[in-house]
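One structure is given below, encoded as structure tokens.
Here, each number is a calculation from the coordinates, and none is a lab measurement. As the structure is a prediction and not an experimental result, all values here were calculated from the model. All Cβ positions, glycine included, derive from the backbone under ideal geometry; neighbour counts span all protein chains shown.
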Amino acid sequence: MSELIVIGYPNNQAAEAARLTLYQLSKEYLVEIQDAVIAEADDKGQIKLHQMVPMWGFGASAGAFWGLLAGILFFNPLIGVAAGAGAGALAGALTDYGINDAFMKDVASVLQPGQAALFILAERAASDKVIDRLSGHGGNIIRTNLDTSKEQDLRAAFDKARAKPATAAAVDDNAA
């Protein structure tokens with residue numbers, strides 16, 4: 001079963017750093033990412049989604065291929081490529097892949113301007129190794145589809161990671 005985890009961050013850079021860590025974990029075969037989207041609240045509070053896969057680009061390339069084939073059949077491949085790429089880009093832009101965009105915007109509506117949230121849809125996203133690495137970026141768990149005990153463990157790991165820098169700073173202050 002796919003696990004959905006939404007983590008809130010103070011800014012887009014922190015969310016992007018966490019997403020890069022998630023990609024690295026995927027390369028190490030610790031998690032299978034189905035979708036990883038960053039929702040960012042701009043200065044006016046509007047939510048902008050930064051998708052993992054730009055579907056319009058994928059659609060344009062697929063459309064160009066099929067347009068080329070159609071163009072070859074009708075002896076005008078250049079027009080076929082152009083028409084296919086345009087139609088494919090439009091179809092790709094209208095395609096919703098992975099996590100539902102309306103759901104993400106609804107959940108992200110709690111973000112204040114400048115804040116961001118990382119939406120993760122993956123297999124094994126709540127494994128110990130993945131959580132240890134992701135919690136190093138800080139953040140707050142906003143929502144999950146995990147069972148109650150797994151969600152409590154996840155929240156505890158993120159709370160513990162957030163408390164570490166404060167504790168380390170307090171030790172440094174006492175030493176001085």
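Quick notes on this structure:
- Label positions at LYS150 and GLN24, each projected 7 Å from the Cα along the C-beta direction, are separated by 2.5 nm.
- Label-point separation, ASP101 to ARG124 (7 Å along Cα→Cβ), nm: 3.2 nm
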